[in-house]
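Input: a single structure, listed below in structure tokens.
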Amino acid sequence: MAAVPPILTHASYDDVPYEASLAPRTHPQNAEVIARLFGLSPQPAASARVLEIGCGTGGNLLPMAYSLPGATFVGVDLSAPQVAMAKANAATLELANVRFVCADIADFEPESAFDYIICHGVYSWVPPETRAAILALCEKALSPHGVAHISYNVLPGWHMRGAFREMLRFHAQHFPAAAERVEQARAFGRFLTEATAALGDASPRNSAYSTLLREEFELIQALPDFYVLHEHLADTNDPFSFLDFLDQTGAHGLRYLGDAAFSTMLTQNLPRETAEGLDRIAPTREALEQYRDFVVNRAFRQSLLVRAGAPVNSQLDSSAIDGLTVRASIRRQESGEWFIPQAGGASRAIHEPLAAGLLDALANAYPTSLSFVSLAEALDGLPWPPGIEDHAAHLRAVLLSLFATDAVELRTWNPEVATAIPDFPRAFRPAMIAEAGVGVPTPFHSLITLGPSSARLLPLLTGTSGKPELIAAIVAMIASGELRIEGPDGSDQGSPDAAEAVVDASLQQLMQAGLLESPRPSG
């Protein structure tokens, strides 16, 4: 296929900004957890120096800076309009610990070393010389105990996605405007899906091809236009194998620490026979992860890197858990049972009383975390497996097992959030200025989608309005048609009683999401 002409990537980023919301695993406390588990002593996130390469409008960096006033943050991006928006948002939040710089990464000169460097959604999407500049900056600016987070598209999962992307680009090149290119890419994706489906009955091979294309089409249909433009239609989008990426980083004095998604490093959440086979054939931890990528058809990675001389342990240091806190990542089923996620979208029921009791204790503490000591106390009275004498060691092993399946979070830092609805609720301010359509950021650096009522209530939670004022505001919204409350019979509900129920339910949802700040001490 002839090469598709360039479509002016830099101009498209200015004209159609990538609405960069937060990326949960880029938070420095996540890298700090992984580093501790491998025996390192990184700078605590609460007092760290953090650099983000490709910061966009600050959607990822600003919630961190707001939550960690003792840390300092620098964001760099080539797009002047996006940097201007980031600066405006920082001013709105009255943040003094973050600054944004408009610069080419090859020209950026850091004023100091950084404990954490974040480069999310950039590395695969820039030309080779810019990738080299990113790694050179990490080599130059990473502190001796620092950790860099770099995400990129990875093979083999990107083979099919890359082929689909080239088909869309081939068709979209004929249309000059960005919005029209996206519209035509979606239309051509639909045509491909329908055309190959018509041939699917002819042979199993045709059917498999049609299924793969349909999956890729359904993916872009669920994503916003800016994502399709910058992911599938941009000039550069280069995937790498995991080991090829490590070769690139090794040339710049960096070594692999682990993956920001801890569950993807291990074989524990794979079928037993598969896990045993991978453990048997992989000679190193890095080779094991490469083989795992082959098995799960991985398409995206978030790798954590440290300096080549960092004393990374080859085995996990489970004793590090004693100094961490634990937070639930999953929710209990209505039946009361717990199911933990497995690779490929499957799940496994928890039958062990100890693990179930641990998850029960975390659910009762949610949205906050529990310390290792508090968890041990919460399990007092539950039966331990026969023959277990060292309860602390067994509890660490259970927590690592749950962490390895994304059932719990391990944390080094926790925001102060309300565990009861305050008289004068105050919301997490970055959530109040979040861009529409990309989710609402929480203090735990996660994204959630709010219902219409909670979304309308959120901007009113400035800490100066009590429940009567909030009810009156909801009543006014209902009366103006700005908000519709539907009763059980489908009729519109506009009474003060209905508004009070809406306020109560919305405040409960916001509190459970961690979006209500802990009340400030009086005086």
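What follows draws every value from the coordinates through simple rules; no lab data is involved. From a predicted model like this one, the values you see are computed outputs, not experimental measurements. Counting neighbours? That spans all protein chains shown, and the Cβs are built from the backbone with ideal geometry, glycine included.
Annotations for the structure displayed:
- Sorted fewest first by neighbouring Cβ atoms within 10 angstrom, ASP115, ASP279 come out as ASP279, ASP115.
- Label selected from (i) 25.6; (ii) 23.8; (iii) 29.2, the criterion being mean projected area of the Cα convex hull in nm² as computed here: (iii)
- Ordering LEU40, ALA80, SER369 by the projection of their Cα atoms onto the charge dipole of the chain, which places +1 on the Cβ of Lys and Arg and -1 on the Cβ of Asp and Glu, puts LEU40 at the extreme positive end.
- Placed amide H near VAL147: partners under 5 Å, 5+ positions off or other chain: TYR116, ILE117
- The residue among THR92, ASN237, ALA178 whose Cα reaches farthest toward the positive pole of the charge dipole of the chain, with charges on the beta-carbon of Lys, Arg, Asp and Glu, is ASN237.
- Fewest-first ranking of GLU139, GLU52, using other Cβ atoms within 10 Å as the exposure measure: GLU139, GLU52
- Counting DSSP beta bridges with both ends in the chain, the antiparallel % (nearest 5): 60
- Working note: Karplus 6.51/-1.76/1.60 with θ = phi - 60° gives region 320-330 the couplings 4, 4, 4, x, 10, 10, 10, 9, 5, 10, 10 Hz, where Gly and Pro are set to x.
- Two-site label geometry, ARG255 and ALA476: point separation in nm, points 7 Å out along Cα→Cβ: 6.2
- Each other residue within a Cβ distance under 12 Å of VAL101 adds +1 if Lys or Arg and -1 if Asp or Glu, for a net charge of -4.
- Overall, region 158-232 carries a charge dipole of about 160 debye about its Cα centre when +1 sits on the Cβ of Lys and Arg and -1 on the Cβ of Asp and Glu, all other atoms neutral.
- Simple spin-label estimate for ARG285 and GLU129 in nanometres, 7 Å along Cα-Cβ: 3.7
- ³J(HN,Hα), Karplus 6.51/-1.76/1.60, whole Hz, each residue of region 88-102, x for Gly, Pro: 5, 5, 5, 5, 4, 7, 6, 9, 9, 9, 9, 9, 10, 10, 8
- Prolate/oblate/rounded call for region 47-122, Cα gyration tensor, a/c under 1.5 rounded: oblate
- For CYS138, CYS55, order by how many other beta-carbon atoms lie within 10 Å, fewest first: CYS138, CYS55
- Cα-centre dipole for the chain with unit charges at Cβ (Lys and Arg positive, Asp and Glu negative), debye to 20: 540
- At an R0 of 25 angstrom, the distance between the Cβ atoms of SER518 and THR449 translates into a FRET efficiency of 0.60.
- Estimated distance in nm for a label pair at THR236 and PHE170, the labels positioned 7 Å out from Cα along Cα-to-Cβ: 2.5
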